[in-house]
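Report on one structure; see the data block that follows.
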Amino acid sequence: MTVAGAPVMRHRTAIVRHSLSQPMSLLVQHGVLAPGVAVFDYGCGQGDDLRALAAAGIEASGWDPHFAPDIARQEADVVNLGFVLNVIEDARERREALRDAWQLARGVLAVSTMIAGQVSTEGLRPYRDGFLTSRGTFQKYFGHAELGELVADVTGTQPVAAAPGIFFACRRADDLEEFLLRRRMGRRSSTAAYRAPRERRAASARPLLADRIAPALNELAELAQMRGRMPVAEEVPLAVMALLSQHHVALPRALDLMASLHLDPATMEQAATAMREDLLVHFALARLNQRQGADRLGGAIVRDIRTHFGSQKELLAESGAYLMGLADVAAVDAAIAQAAAGGIGALDPRGRLFVDARRREDLPGVLRVYLGCAAYLAGEPGDNSLVRIDSQRKIVAYIPLDDPKSAAPFATSIIKIDLKRQAAVSQPTRRRLIAKSRISGRATRGQLHAEAALRKEIGVGGDVLIVRL
Ligand SMILES: C[S@@+](CC[C@H](N)C(=O)[O-])C[C@H]1O[C@@H](n2cnc3c(N)ncnc32)[C@H](O)[C@@H]1O
């Protein structure tokens, strides 16, 4: 670990964190990390992630060669190797750290690194395949695809991109499928909107019992709405089953009660439609990516398919039609025009669609598959990002914005995902969004005034959405 006699101070890269790191929060958001799941943080730095997880009731421990060298490296359901590989200057040692972390992971390994384009390397001294900083640390800025290939090579699995520079490797194929499908379901922006009001109906309610088992009923309602069908016993969390048994309520009775209080036919119909779409998109993408294991499905997904399609054969036939739509530029362009006409995003003068990342699940199905492909290559865009779809060049771009409250936020990096070449690159940029109101579909008087003033100052017409500075 010495460079021309001076040691590389790897530990100096560990920052104090006041909130969960991005890979840890993605694991939580996607339901991979939850109470009852054991976590090990490999290269935990100062241990702030561990403290935050412990406070949330998640069993977590970690090891770090500098900060926690005496803690035993132990197996866990989920292992995090967070921003460690990029501080190691020796490529062989990187592979060793990755291999050791993978050996500890019973279920999922999360690997994250800094990626090229996220920060400027101006003034840094090139060293091996990275840079030395003035603080005596080393940083390698990985390419997003380069990191994916390294994880695939060392783990022997096809990892899933959770976000730019963040990959999850799953030991079991059915875990991966369930994870991907849940991620798709979790992103449904409309889920909250179609949740039924929760006041009781006098005729069918049994207020006392319903009150006593209210947390169980809420959870059952969430499960039913998520999958668009009633859950079976093995899909219901143990804590819910325990509460029901404590009150001598069998699951079918609890489901009836839940349905009478929380669900109506229209709500369930909407949930079923959403789940059908999720399954179609999921399986279209699995075919596109030739993902092995998509045929080795866990019980919950098999039940979903049976309920919503009758058979896997029917689902595959329909998902094939989805894929055809993707190759058909005219169909994609029609979907883009439909989205823009419906106020989900706006077109720039070159016919590219700009959408607020939070609204991407409101797009027509063909575009959701399009963005699904991008997500497989580069992970999901952050919420405070723009997504740009260029159907002519088959390129999707993520443009993270700096300040969600600003009327005209700046972007300092852009992630371009080339669907034809199956490659994602992150580049530094300097752009400013000047038509937030058109893209978000929300135009307050103040916002419109600020945009008009900016257009005048920069000297551009009303059809320009974003400018390069
Ligand atoms: C940028 S910090 C990241 C810390 C923490 N994971 C986080 O996200 O906040 C990198 C850490 O990797 C540790 N490290 C260096 N070499 C390592 C190795 N071979 N195996 C595991 N950790 C290592 C360093 O001591 C440092 O604490």
- Task: May I ask you to list the lysines whose Cα is less than 24 Å away from that of LYS456, ignoring any residue fewer than eight positions away on the same chain?
- Result: LYS405, LYS436
- Between ARG442 and ALA55, 0.36 nm times their residue separation minus their Cα-Cα distance comes to what? 135.5 nm
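Just need the relative contact order of segment 329-468 here, percent rounded to a whole number, with Cα pairs under 8 Å and 6+ apart.
Over segment 329-468, the number comes to 20 percent.
Report the relative contact order of the chain, percent, no decimals, based on alpha-carbon pairs under 8 angstrom and at least 6 residues apart. Intermediate results must be reported in sequence, preceding the final value.
Details: 790 pairs, mean separation 53.4, N = 469.
Here the relative contact order equals 11 percent.
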- Message: What does DSSP give for the chain in terms of the percent of beta bridges that are antiparallel, rounded to the nearest 5?
- Response: 75 percent
- Message: Need one word for segment 207-263: rounded, prolate or oblate. Basis is the Cα gyration tensor (sqrt eigenvalues a ≥ b ≥ c); a/c below 1.5 gives rounded, then a/b vs b/c decides.
- Response: oblate
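Checking the a/c ratio against 1.5 first, then a/b against b/c, what shape does the Cα gyration tensor give for the chain?
Details: a/c = 1.70, a/b = 1.15, b/c = 1.47.
Oblate is the answer for the chain, as a/c is 1.5 or above yet b/c matches or exceeds a/b.
Taking the Cα centre of segment 55-102 as origin, work out the dipole magnitude from +1 charges on Lys and Arg Cβ and -1 charges on Asp and Glu Cβ, in debye rounded to 20.
Around 160 debye, computed over segment 55-102.
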- Message: Given the options ALA72, SER112, TYR127, identify the residue whose Cα lies farthest towards the positive end of the charge dipole of segment 49-137 (+1 on Cβ of Lys, Arg; -1 on Cβ of Asp, Glu).
- Response: TYR127
- Taking alpha-carbon centroids only, segment 255-269 lies from segment 11-69 a number of Å equal to 38 Å
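For segment 413-459, what does the alpha-carbon gyration tensor say about shape, rounded, prolate or oblate, given a ≥ b ≥ c as the root eigenvalues, a/c under 1.5 as rounded, and a/b over b/c as prolate?
On the way: a/c = 4.06, a/b = 2.20, b/c = 1.84.
Here segment 413-459 falls in the prolate category.
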- Task: Please list 256-263, 55-62, 11-18 highest first by mean number of surrounding beta-carbon atoms within 10 Å per residue.
- Result: 256-263, 55-62, 11-18
- Give me the aspartates and glutamates in straight-line cross-link reach of LYS313: C-alpha distance below 13 Å, same-chain residues under 8 apart excluded. ASP295
- Message: For a quick check: with amide H placed at 1.01 Å from N, whose amide H comes under 5 Å from GLY379's, ignoring anything fewer than 5 positions away on the same chain?
- Response: ALA161
- Message: Can you tell me the length gained on complete extension of the stretch ASP463 to ARG421, counting 0.36 nm per residue apart and subtracting the Cα distance?
- Response: 12.1 nm
- Item | Label-point separation, LYS405 to THR273 (7 Å along Cα→Cβ), nm | 3.8 nm
- What accessible area per residue, rounded to a whole number of Å², is obtained for the chain using a probe radius of 1.4 Å? 46 Å²
- Task: For segment 90-104, just list the computed ³J(HN,Hα) in residue order, Karplus coefficients 6.51, -1.76 and 1.60, θ = phi - 60°, integers in Hz, with x standing in for Gly and Pro.
- Result: 9, 4, 5, 5, 4, 4, 5, 4, 5, 5, 4, 5, 5, 5, 7
- On a C-alpha basis, how far is the centre of segment 384-404 from the centre of segment 424-444 in Å? Whole number, if you could? 8 Å
- Counting helices only, and only those DSSP H runs with n ≥ 4, report the 222 nm mean residue ellipticity of the chain as the sum of -39,500 (n - 2.57) divided by its residues, in deg cm²/dmol to the nearest 500. -13000 deg cm²/dmol
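Among DSSP beta bridges lying fully in segment 8-127, give the percent that are antiparallel, nearest 5. Could you put the intermediate results ahead of the total?
Details: 1 of 14 bridges.
Counting DSSP beta bridges with both partners in segment 8-127, the antiparallel share is about 5 percent.
The values are calculated or read from the model by the stated rules, or taken from the named source; none is laboratory data. Keep in mind it's a predicted model, so treat the numbers as computed, not measured. Cβ coordinates were reconstructed from backbone atoms using ideal geometry, including for glycine residues, and neighbour counts include every protein chain displayed. With ligands, DNA and RNA removed, areas are computed over all heavy atoms of the protein, side chains included. Shrake-Rupley method; radii C 1.70, N 1.55, O 1.52, S 1.80 Å.
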